[in-house]
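In what follows, a single structure is set out as structure tokens and then discussed.
The values are calculated or read from the model by the stated rules, or taken from the named source; none is laboratory data. These figures come from a predicted structure and were not determined experimentally. Glycine gets a Cβ as well: all are built from the backbone with ideal geometry, and neighbour counts include every protein chain shown.
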């Protein structure tokens with residue numbers, strides 16, 4: 001195992017422009033370099049390489065990463081092989097793999113054992129399907145061919161309590177079967193198969209290895225879908241069913257469709273819509289959204305049109321806000337009553353289904369329409385409540401143009417003039433043209449300070465030394481900023497953005513760092529201007545923290561009797577009321 005410190009040092013020494021130019025001709029375009037993407041066919045260059053961040057990103061297919069990931073993908077190399085080749089190019093010697101610790105060896109052996117168990121179980125379920133007329137008839141009734149069933153590795157878990165005993169000799173005592181979620185041990189010590197009399201859908205990781213299963217009942221029964229539990233291999237909030245099989249179709253279509261059921265994915269693929277994936281019995285998470293935006297610029301969430309579907313859609317929207325970008329499109333499709341993607345495409349066909357997709361509601365429209373629908377917009381109170389609920393959601397949007405347009409639209413819906421909207425939602429006031437040239441206008445105004453600070457640290461990690469941060473961890477994005485700041489404070493400020501991205505690649509913070517790395521907001525800014533912007537964003541973050549603490553304190557004080565307050569609490573209460581336009585007599 002190559003030490004993390006060596007990888008970070010290597011990425012800091014490499015020049016990604018030189019690395020990419022060995023394989024792809026680049027031309028200068030402002031602060032970056034561009035080319036036609038080597039990973040998909042295109043006529044207009046959308047592949048951008050940032051020498052400042054040591055990061056590449058294709059705005060067409062979503063491919064992105066560091067010099068190491070570029071060589072791996074372009075050359076088809078493994079990680080170690082790519083590291084050795086790049087290290088040799090800059091005169092570095094890859095250190096001998098350090099001795100694995102006992103815990104690391106144990107973890108590696110566990111993953112290998114569980115992976116083998118899952119593969120054997122998948123083979124058993126596929127074989128069982130061949131011998132079950134009931135299961136085969138069910139799939140035929142759903143319109144699936146043997147070819148599509150084989151593509152997705154569909155199988156069948158027979159009736160009975162201990163069918164896997166025929167595959168695993170150590171069935172009664174195997175820890176791996178329990179840890180893989182294939183069996184359940186009841187309170188009486190009796191062991192039985194988790195999946196029984198169900199169509200089985202293997203869930204694959206990005207390498208195509210089976211990490212879990214989804215089982216669907218053949219007839220009536222609950223639950224309709226039964227998923228593998230959380231295991232060392234499988235984490236529902238990070239995985240998407242069908243993504244491994246759909247990657248090529250997603251790139252070809254430039255779109256990814258997110259549905260709710262395994263059968264929806266398979267049925268859509270059967271009818272020529274191969275770019276669909278499904279969440280795994282859980283709400284859409286930020287990690288899901290990050291994975292989706294890596295695959296395509298156009299993401300469509302498809303839900304039932306009932307109350308449960310709209311609730312799931314709203315949760316997906318909330319978990320998408322901090323990851324949206326001006327060059328990405330997220331939208332929501334609500335199907336007609338009593339329809340799902342499977343039934344709709346079987347009844348109406350591919351052409352009608354894709355026409356329906358084109359009518360999906362954009363995130364911006366769904367957000368404002370949903371909020372407005374919760375209040376009476378005919379009254380001042382309703383419009384005030386609308387603005388109150390919209391403001392924190394709009395504040396999460398990092399995309400400059402989309403965020404500004406949404407703020408303006410929300411203000412118009414509430415009947416506010418432009419200047420009135422400025423103080424409430426951050427819509428800039430109209431200003432007279434300056435009589436003399438002014439300094440470059442700040443790009444920080446409409447942006448949440450957490451996002452700005454992440455972007456700036458990826459451009460200049462050393463800014464943290466000039467202006468330390470005190471980050472209140474009140475959101476996932478703030479947690480990412482706090483983690484980066486803590487890492488840099490340990491003496492890692494000399495690292496490039498690429499090295500920082502590698503350091504946090506397999507953590508929950510990765511989506512927020514990658515979204516920040518894609519920003520070109522600070523291209524062409526001088527060192528002085530970057531420092532000024534960083535200081536301003538840090539001060540805004542501090543003010544938000546103070547305001548939050550004051551608000552929480554005031555809420556506690558309001559729950560007390562005024563006579564019971566200490567002189568200090570009474571003074572704080574008085575100041576808070578004065579800030580709100582009132583005073584204590």
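Observations on the structure shown:
- Residue 233 being assigned to a loop (DSSP other than H, G, I, E, B) and either out of contact with any strand residue (DSSP E or B) (no Cβ under 9 Å at 6 or more places or on another chain) or modelled with pLDDT under 95 (or both): yes
- The number of residues in the stretch 13-23 that are buried (at least 18 other Cβ atoms within 10 Å of the Cβ) and either in contact with a strand residue (DSSP E or B) (Cβ under 8 Å, 6 or more places away or on another chain) or at positive phi (or both) comes to 2.
- Of the candidates 307, 278, the single residue that is surrounded by 23 or more Cβ atoms within 10 Å (Cβ to Cβ) and closer than 17 Å to residue 339 by Cα is 278.
- Within the stretch 242-255, tally of residues that are buried (at least 20 other Cβ atoms within 10 Å of the Cβ) and either in a loop (DSSP other than H, G, I, E, B) or within 15 Å of the chain's Cα centre (by Cα) (or both): 2
- Matching residues in the stretch 342-391 - criterion: being closer than 26 Å to residue 139 by Cα and surrounded by 15 or more Cβ atoms within 10 Å (Cβ to Cβ): 342, 343, 344, 345, 346, 353, 354, 356, 357
- Residue count for the stretch 371-403 under the criterion of being part of a helix (DSSP H, G or I) and within 22 Å of residue 477 (Cβ to Cβ): the result is 13.
- Residue list for the stretch 211-225, restricted to those being assigned to a strand (DSSP E or B) and in contact (Cβ under 8 Å) with a residue 60 or more places away in the chain: 211, 212, 213, 214
- Residue check for residue 129: surrounded by 14 or more Cβ atoms within 10 Å (Cβ to Cβ), over 29 Å from residue 274 (Cβ atoms), in the same structural domain as residue 220 (by TED's automatic domain parsing) and touching a residue at least 24 places away in the same chain (Cβ under 8 Å): no
- Count - residues of the stretch 36-51 that are over 16 Å from residue 252 (Cα atoms), in contact with a helix residue (DSSP H, G or I) (Cβ under 6 Å, 6 or more places away or on another chain) and part of a loop (DSSP other than H, G, I, E, B): 1
- Index of the failed condition, residue 73 passing every other in (1) touching a strand residue (DSSP E or B) at 6+ places or on another chain (Cβ under 8 Å); (2) surrounded by 17 or more Cβ atoms within 10 Å (Cβ to Cβ); (3) over 20 Å from residue 459 (Cα atoms): (2)
- Taking the criterion of being assigned to a loop (DSSP other than H, G, I, E, B) and within 33 Å of the chain's Cα centre (by Cα), the residues of the stretch 146-168 that qualify are 152, 153, 154.
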